[in-house]
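Notes for the one structure printed next.
The values are calculated or read from the model by the stated rules, or taken from the named source; none is laboratory data. Values in this document were obtained by computation on a predicted structure and should not be read as measured data. Note that each Cβ is placed from the backbone with ideal geometry, even for glycine, and that neighbours are counted across all protein chains shown. Ligands, DNA and RNA are stripped out before the accessible areas are found, and what is left, the full protein with its side chains, is counted by its heavy atoms. Shrake-Rupley method; radii C 1.70, N 1.55, O 1.52, S 1.80 Å.
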Amino acid sequence: MNIDRTVTLLRLPLIVTLFFALAAPGVTVEIESAPAAVVERFQQELISAMKAAEQLGYRGRYARLAPAVRRSHDIAAISRISVGSYWDGLQPAQQAKLVKTFARLSISTYAERFDGYSGERFETQSSGDLSADVAGVRSLFTKSDGGEIQFDYLLRNDERGWRIVNIVIDGVSDLALKRAEYAEILSRDGFDALIAALEEKTAANAR
(Lines give C-alpha, C1' and ligand atoms only; values in the text may rest on other atoms or scores of the structure.)
Protein backbone atom coordinates (compact mmCIF):
# COMPACT_ATOMS: atom_id res chain seq x y z
CA MET A 1 0.00 0.00 0.00
CA ASN A 2 1.85 3.07 -1.28
CA ILE A 3 0.03 6.04 0.23
CA ASP A 4 3.32 7.53 1.46
CA ARG A 5 3.90 8.92 -2.03
CA THR A 6 1.14 11.48 -1.46
CA VAL A 7 3.19 13.23 1.26
CA THR A 8 5.36 15.54 -0.85
CA LEU A 9 6.14 19.10 -1.93
CA LEU A 10 3.71 21.85 -0.91
CA ARG A 11 2.18 22.93 2.40
CA LEU A 12 -0.69 25.26 3.28
CA PRO A 13 -0.11 26.64 6.81
CA LEU A 14 -3.47 28.46 6.94
CA ILE A 15 -5.51 25.37 6.15
CA VAL A 16 -3.45 23.28 8.54
CA THR A 17 -3.97 25.87 11.27
CA LEU A 18 -7.72 25.75 10.75
CA PHE A 19 -7.71 22.00 11.12
CA PHE A 20 -5.63 22.14 14.27
CA ALA A 21 -8.40 24.30 15.72
CA LEU A 22 -10.81 21.42 15.30
CA ALA A 23 -9.22 19.61 18.20
CA ALA A 24 -9.65 22.58 20.55
CA PRO A 25 -12.17 22.38 23.42
CA GLY A 26 -15.61 23.56 22.43
CA VAL A 27 -15.08 22.94 18.70
CA THR A 28 -15.09 19.16 18.46
CA VAL A 29 -18.50 17.64 17.77
CA GLU A 30 -19.88 14.12 17.74
CA ILE A 31 -18.11 11.99 15.13
CA GLU A 32 -21.45 10.77 13.76
CA SER A 33 -22.14 14.30 12.50
CA ALA A 34 -22.78 14.48 8.75
CA PRO A 35 -19.29 15.55 7.60
CA ALA A 36 -17.58 12.84 9.64
CA ALA A 37 -20.09 10.26 8.43
CA VAL A 38 -19.24 11.08 4.81
CA VAL A 39 -15.52 10.68 5.48
CA GLU A 40 -15.93 7.51 7.52
CA ARG A 41 -18.14 5.86 4.93
CA PHE A 42 -15.57 6.60 2.25
CA GLN A 43 -12.75 5.29 4.42
CA GLN A 44 -14.69 2.08 5.03
CA GLU A 45 -14.93 1.64 1.27
CA LEU A 46 -11.16 2.14 1.00
CA ILE A 47 -10.43 -0.46 3.66
CA SER A 48 -12.86 -2.87 2.02
CA ALA A 49 -11.10 -2.46 -1.33
CA MET A 50 -7.71 -2.86 0.36
CA LYS A 51 -8.78 -6.11 2.01
CA ALA A 52 -9.89 -7.51 -1.34
CA ALA A 53 -7.10 -5.86 -3.33
CA GLU A 54 -5.43 -9.02 -4.58
CA GLN A 55 -8.67 -10.66 -5.71
CA LEU A 56 -10.00 -7.49 -7.28
CA GLY A 57 -6.86 -6.32 -9.02
CA TYR A 58 -6.57 -2.72 -10.19
CA ARG A 59 -9.67 -2.79 -12.40
CA GLY A 60 -11.77 -4.37 -9.69
CA ARG A 61 -10.63 -1.79 -7.13
CA TYR A 62 -11.41 0.98 -9.62
CA ALA A 63 -14.93 -0.37 -10.16
CA ARG A 64 -15.54 -0.74 -6.42
CA LEU A 65 -14.19 2.69 -5.50
CA ALA A 66 -15.72 4.67 -8.37
CA PRO A 67 -19.18 5.13 -6.79
CA ALA A 68 -17.63 5.82 -3.38
CA VAL A 69 -15.40 8.58 -4.77
CA ARG A 70 -18.21 10.15 -6.79
CA ARG A 71 -20.54 10.06 -3.80
CA SER A 72 -18.11 11.52 -1.26
CA HIS A 73 -16.02 13.97 -3.34
CA ASP A 74 -17.22 17.13 -5.04
CA ILE A 75 -15.35 16.35 -8.24
CA ALA A 76 -16.72 19.36 -10.12
CA ALA A 77 -15.69 21.80 -7.39
CA ILE A 78 -12.23 20.25 -7.04
CA SER A 79 -11.74 20.43 -10.80
CA ARG A 80 -12.79 24.07 -10.88
CA ILE A 81 -10.59 25.10 -7.96
CA SER A 82 -7.66 23.12 -9.34
CA VAL A 83 -7.43 25.31 -12.43
CA GLY A 84 -8.22 28.55 -10.60
CA SER A 85 -8.93 31.58 -12.78
CA TYR A 86 -8.42 29.51 -15.94
CA TRP A 87 -11.82 27.89 -15.34
CA ASP A 88 -13.78 30.95 -16.49
CA GLY A 89 -11.85 31.00 -19.74
CA LEU A 90 -12.84 27.44 -20.65
CA GLN A 91 -15.78 26.63 -22.88
CA PRO A 92 -18.61 24.60 -21.28
CA ALA A 93 -17.54 21.54 -23.26
CA GLN A 94 -13.98 21.95 -22.01
CA GLN A 95 -15.19 22.33 -18.41
CA ALA A 96 -17.22 19.13 -18.73
CA LYS A 97 -14.28 17.29 -20.26
CA LEU A 98 -11.98 18.44 -17.47
CA VAL A 99 -14.40 17.25 -14.78
CA LYS A 100 -14.84 13.87 -16.48
CA THR A 101 -11.10 13.40 -16.98
CA PHE A 102 -10.30 14.50 -13.45
CA ALA A 103 -12.90 12.09 -12.03
CA ARG A 104 -11.23 9.16 -13.78
CA LEU A 105 -7.82 10.25 -12.51
CA SER A 106 -9.07 10.60 -8.93
CA ILE A 107 -10.64 7.15 -8.90
CA SER A 108 -7.61 5.56 -10.54
CA THR A 109 -5.29 7.17 -7.98
CA TYR A 110 -7.19 5.63 -5.07
CA ALA A 111 -7.34 2.27 -6.85
CA GLU A 112 -3.59 2.30 -7.47
CA ARG A 113 -2.42 3.56 -4.08
CA PHE A 114 -4.70 1.55 -1.81
CA ASP A 115 -3.53 -1.74 -3.24
CA GLY A 116 -3.19 -4.06 -0.25
CA TYR A 117 -4.13 -4.63 3.36
CA SER A 118 -1.98 -5.51 6.38
CA GLY A 119 -4.09 -4.31 9.28
CA GLU A 120 -4.23 -0.60 8.39
CA ARG A 121 -7.04 1.45 9.91
CA PHE A 122 -8.58 4.92 9.98
CA GLU A 123 -9.75 6.62 13.17
CA THR A 124 -11.70 9.87 13.33
CA GLN A 125 -10.13 12.27 15.81
CA SER A 126 -12.33 15.35 15.49
CA SER A 127 -14.95 17.03 13.37
CA GLY A 128 -16.15 20.60 13.41
CA ASP A 129 -17.64 23.47 11.44
CA LEU A 130 -15.33 26.07 9.93
CA SER A 131 -18.28 28.11 8.67
CA ALA A 132 -21.98 27.61 7.94
CA ASP A 133 -21.30 25.38 4.94
CA VAL A 134 -17.67 24.29 5.41
CA ALA A 135 -16.47 21.66 7.85
CA GLY A 136 -13.27 19.83 8.67
CA VAL A 137 -12.71 16.24 9.74
CA ARG A 138 -9.41 15.06 11.17
CA SER A 139 -8.59 11.38 10.81
CA LEU A 140 -5.57 9.28 11.75
CA PHE A 141 -4.41 6.50 9.47
CA THR A 142 -2.36 3.82 11.22
CA LYS A 143 -0.13 1.77 8.96
CA SER A 144 0.77 -1.89 9.40
CA ASP A 145 4.14 -0.96 10.91
CA GLY A 146 2.55 1.33 13.49
CA GLY A 147 3.41 4.52 11.65
CA GLU A 148 0.72 7.18 11.49
CA ILE A 149 -0.47 9.57 8.79
CA GLN A 150 -2.78 12.47 9.56
CA PHE A 151 -5.62 13.18 7.14
CA ASP A 152 -7.47 16.50 7.38
CA TYR A 153 -10.54 16.57 5.18
CA LEU A 154 -12.21 19.82 4.11
CA LEU A 155 -15.88 19.39 3.19
CA ARG A 156 -18.44 21.75 1.73
CA ASN A 157 -22.21 21.51 2.10
CA ASP A 158 -24.66 22.22 -0.71
CA GLU A 159 -28.01 20.88 -1.88
CA ARG A 160 -26.44 17.44 -2.39
CA GLY A 161 -25.07 17.30 1.16
CA TRP A 162 -21.53 17.28 2.52
CA ARG A 163 -18.75 16.45 0.09
CA ILE A 164 -14.95 16.43 0.28
CA VAL A 165 -13.23 19.30 -1.54
CA ASN A 166 -9.68 18.93 -0.22
CA ILE A 167 -7.49 16.52 1.73
CA VAL A 168 -4.42 17.66 3.64
CA ILE A 169 -2.11 14.71 4.32
CA ASP A 170 0.47 15.33 7.03
CA GLY A 171 0.29 19.03 6.23
CA VAL A 172 0.43 18.60 2.46
CA SER A 173 -2.61 19.98 0.60
CA ASP A 174 -3.65 17.82 -2.33
CA LEU A 175 -5.61 20.72 -3.82
CA ALA A 176 -2.64 23.09 -3.58
CA LEU A 177 -0.44 20.59 -5.39
CA LYS A 178 -2.98 20.30 -8.17
CA ARG A 179 -3.41 24.07 -8.51
CA ALA A 180 0.33 24.59 -8.86
CA GLU A 181 0.74 21.78 -11.39
CA TYR A 182 -2.35 22.44 -13.49
CA ALA A 183 -1.82 26.21 -13.68
CA GLU A 184 1.70 25.69 -14.95
CA ILE A 185 0.55 23.31 -17.68
CA LEU A 186 -2.32 25.56 -18.73
CA SER A 187 -0.20 28.70 -18.87
CA ARG A 188 2.63 27.00 -20.76
CA ASP A 189 0.88 24.50 -23.05
CA GLY A 190 -2.88 25.04 -22.90
CA PHE A 191 -5.99 23.01 -22.17
CA ASP A 192 -5.36 20.03 -24.45
CA ALA A 193 -1.97 19.50 -22.83
CA LEU A 194 -3.56 19.44 -19.39
CA ILE A 195 -6.11 16.83 -20.46
CA ALA A 196 -3.31 14.75 -21.99
CA ALA A 197 -1.29 14.99 -18.77
CA LEU A 198 -4.25 13.84 -16.67
CA GLU A 199 -4.99 10.97 -19.03
CA GLU A 200 -1.34 9.91 -18.93
CA LYS A 201 -1.42 9.82 -15.13
CA THR A 202 -4.61 7.74 -15.24
CA ALA A 203 -3.04 5.27 -17.65
CA ALA A 204 0.09 5.03 -15.50
CA ASN A 205 -2.03 4.15 -12.46
CA ALA A 206 -3.44 1.15 -14.32
CA ARG A 207 -0.04 -0.38 -15.07
What does the convex hull of the alpha-carbon atoms of region 128-205 project to on average, in nm²?
7.7
Apply the Karplus parameterisation 6.51 cos²θ - 1.76 cosθ + 1.60, with θ equal to phi minus 60°, to every residue of region 75-80 and state each ³J(HN,Hα) to the nearest whole Hz, in sequence, with x for glycine and proline.
4, 5, 5, 4, 4, 5
What figure in square angstrom, to the nearest 10, would you give for the accessible area of SER144 with a 1.4 Å probe?
70
Please name which of GLY128, TRP87, PHE151 has its Cα lying farthest along the dipole of region 61-207 towards the positive end, using unit charges on Cβ (Lys, Arg +1; Asp, Glu -1) and the Cα centre as origin.
TRP87
With a ≥ b ≥ c from the Cα gyration tensor eigenvalues, square-rooted, and the rule rounded for a/c under 1.5, otherwise prolate when a/b > b/c and oblate otherwise, region 107-164 is oblate
Hey, what's region 55-173 come to in accessible area per residue, 1.4 Å probe, Å²?
43
In sequence order, what are the phi-derived ³J(HN,Hα) couplings for region 135-140 according to the Karplus relation 6.51 cos²θ - 1.76 cosθ + 1.60 with θ = phi - 60°, rounded to whole Hz, with x for glycine and proline?
9, x, 10, 9, 9, 10
Residues whose modelled amide H sits under 5 Å from the amide H of LEU130, counting only those 5 or more places away in sequence or on another chain, are ALA135, GLY136
With θ set to phi - 60° and the Karplus curve 6.51 cos²θ - 1.76 cosθ + 1.60, what are the ³J(HN,Hα) couplings of region 115-131 in order, to the nearest whole Hz, using x for Gly and Pro?
10, x, 9, 9, x, 4, 7, 9, 9, 6, 9, 6, 8, x, 7, 9, 7
A student asked for the Cα radius of gyration and Dmax of region 21-173 in angstrom ought to give 16.1, 48
Taking only C-alpha pairs under 8 Å that are 6+ residues apart, what is the relative contact order of region 60-207 in percent?
25
Do any GluC sites (Glu not before Pro) in region 143-207 lie in a loop, going by DSSP, with at most 10 other beta-carbon atoms within 10 Å of their beta carbon, and if so which?
GLU159
